[in-house]
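Right, one structure below, let's go through it.
Where a number appears in this text, it was derived from the coordinates with a stated rule and is not lab data. Because the structure is predicted, anything quoted here is derived from the model rather than measured. With ideal geometry, Cβ positions are generated from the backbone for all residues, glycine too; neighbour counts draw on all protein chains shown.
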Amino acid sequence: MQLHSEPEWLFPFEMMKVGDSFFIPTLKSAPLIHAIIAGAKRAKVKVRTCVVVEGDLMGVRTWRVA
């Protein structure tokens, strides 16, 4: 049995149009950004990610750019 400290991320790339974005709250932004970029490559889309603070939550906002 494996225990994970982070959830398995599912990204909505196929449903996104250019200009759409999503926010995922996390304190571990580097591994999440790596997972987002790898997922975007598999989905054959281009994204831009940025570490942001929204409200009281730190996380990663991702935009589909192409």
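Close amide-amide hydrogen proximity is noted between residue 52 and 59, 60, 61, each under 5 Å apart and 5 or more residues distant or on a separate chain (H modeled in the peptide plane; Pro and chain starts excluded).
Per-residue Karplus couplings for region 23-35, computed as 6.51 cos²θ - 1.76 cosθ + 1.60 with θ equal to phi - 60°, are listed in order as 10, 10, x, 6, 9, 10, 6, 4, x, 5, 4, 4, 5 Hz, Gly and Pro entered as x.
Which is the longest part of the chain that has none of the trypsin sites (Lys or Arg not before Pro) sitting in a DSSP loop with at most 15 other Cβ atoms within 10 Å? Within the chain, the longest run free of exposed trypsin sites (Lys or Arg not before Pro) spans 47-66. Taking the helices alone, the chain has a mean residue ellipticity at 222 nm of -7500 deg cm²/dmol, built from -39,500 (n - 2.57) per DSSP H run of at least 4 residues and averaged over all its residues. Kirkwood hydrodynamic radius of region 14-64, from the reciprocal of the average inverse Cα-Cα distance over all distinct pairs: 11.2 Å. Taken along the Cα-to-beta-carbon direction at a fixed 7 Å, the label points for residue 50 and residue 23 span 1.2 nm.
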